[in-house]
Amino acid sequence: MRSLILCGLFTFPSLLPAQTPAPYPWPEGEKLTYLIQWGPIDAAEATFTARAEPKRESIERFELLLRSRGPIEAFYPIRTRITSLTQLLPWRTIEYIQDRSEGGNIRNRRTLPDYSVRLGRFFPAPGKAEENFDLLEGPYEDFGSMLYHVRAYPWQPGSSVTWQVIENKEPLFAKITCTKIESFELEDLAPRRWIEILGEPYGPSTRHKGWMKIWMTDDARRIPVLAKLKFQYGTFEIRLIQGGGPELDYCPDGQPISIYSESEPASTP
């Protein structure tokens with residue numbers, strides 16, 4: 001189930017120089033919540049927040065709170081928080097923290113890349129010995145920062161890049177292509193200009209197969225509204241349900257979807 005959720009959430013980070021516009025698309029304190037649907041099942045919700053890290057210039061704190069919904073809550077409860085401290089110029093991960101509670105399994109992991117010596121430091125659990133691994137050349141990102149880099153990247157129709165991400169100690173790669181930027185009607189939303197992104201696994205890893213499409217608004221905020229993906233666990237849809245406003249939030253039958261995470265204690269997980 002961990003791979004089910006995490007492999008599908010939106011984006012891959014960049015091997016290339018940042019090339020990000022200023023100001024960045026997200027406002028300080030932005031909060032976007034998404035519904036993850038596994039076929040007909042409302043499986044989970046994911047809430048992303050972005051804010052400046054206090055007393056650390058040009059460092060952003062990106063956080064993801066992931067929690068299960070519906071039948072998944074009954075047999076595989078999820079309360080996971082992923083924190084990314086990301087340097088914006090140049091764009092790269094400087095710390096990646098995973099606090100996971102998934103199906104009764106509790107894991108606390110931390111990854112620190114040291115670009116000066118091209119060495120990654122991985123802390124698998126409290127009290128366990130640090131594990132080191134080599135970094136490839138170029139900047140790294142992590143799962144928590146990738147959505148935001150995709151939003152900031154200066155896409156053009158037909159442009160394609162190769163991106164890499166730290167996932168524990170394993171370097172992962174994907175080919176990301178902007179398939180089109182144009183006006184069209186996306187599902188039940190009114191016609192507007194969209195940026196359509198296709199992501200596919202690339203490189204030596206054979207554990208990650210499938211594809212993913214993302215649609216985000218072609219405007220100043222570059223809000224990801226919908227993603228569709230297919231991999232070994234099936235087909236998933238990820239829809240924005242809060243944070244985009246009435247024209248973008250998914251409201252079936254005109255009724256907003258309740259946000260379960262708002263009822264969680266502040267200390268979750």
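Below are the figures for this structure:
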read-out	value
Selection from region 40-57 of residues that are open to solvent by 50 Å² or more (accessible area, probe 1.4 Å) and not in a strand (DSSP E or B)	Pro40, Pro54, Lys55, Arg56, Glu57
Yes/no for Ala43 being in contact with a helix residue (DSSP H, G or I) (Cβ under 7 Å, 6 or more places away or on another chain), modelled with pLDDT under 95 and of a type in the set (A, V, I, L, M, F, W, C)	yes
Residue under evaluation Trp163, criteria (1) at pLDDT 90 or above; (2) open to solvent by less than 20 Å² (accessible area, probe 1.4 Å); (3) in contact with a Ser or Thr (Cβ under 9 Å, 6 or more places away or on another chain), criterion not met	(1)
Some residue of region 198-213 being among the small types (Gly, Ala, Ser), modelled with pLDDT of 95 or more and surrounded by 15 or more Cβ atoms within 10 Å (Cβ to Cβ)	no
Answer from Arg92, Arg107 - the residue that is in contact (Cβ under 8 Å) with a residue 12 or more places away in the chain, more than 25 Å from Leu229 (Cα to Cα), within 20 Å of the chain's Cα centre (by Cα) and surrounded by fewer than 19 Cβ atoms within 10 Å (Cβ to Cβ)	Arg107
Those residues of region 42-85 which are over 14 Å from the mean Cα position of the chain (by Cα), under 16 Å from Tyr24 (Cα atoms) and of a type in the set (Gly, Ala, Ser), in sequence order	Ala52, Ser58
Pairs with Cβ under 7 Å, 6+ apart, first in region 53-82 and on the phi < 0 side of the Ramachandran plot, second outside any strand (DSSP E or B) and open to solvent by 60 Å² or more (accessible area, probe 1.4 Å)	Arg67/Tyr260; Arg69/Tyr260; Arg79/Pro269; Thr80/Pro269; Arg81/Pro269
Residue match in region 232-240 (condition: modelled with pLDDT of 95 or more, in contact with an Asp or Glu (Cβ under 8 Å, 6 or more places away or on another chain) and surrounded by 15 or more Cβ atoms within 10 Å (Cβ to Cβ))	yes
Region 211-253 - residue that is in a strand (DSSP E or B) and hydroxyl-bearing (Ser, Thr, Tyr) and, of those, farthest from Ala43 (Cα to Cα)	Thr217
Lone qualifier among Phe123, Phe75, Phe133 - being open to solvent by 20 Å² or more (accessible area, probe 1.4 Å), aromatic (Phe, Trp, Tyr) and under 27 Å from Ala50 (Cβ atoms)	Phe123
Test: residue in region 65-72 that is crowded, with 16+ Cβ neighbours inside 10 Å and not in a strand (DSSP E or B)	yes
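The values are calculated or read from the model by the stated rules, or taken from the named source; none is laboratory data. Since this is a predicted model, take the numbers as computed values, not measurements. Methodologically, a virtual Cβ is constructed for each residue, glycine included, from the backbone with ideal geometry; neighbour enumeration extends over all protein chains shown. SASA here: full protein model, heavy atoms, side chains in, ligands and nucleic acids out. Shrake-Rupley method; radii C 1.70, N 1.55, O 1.52, S 1.80 Å.
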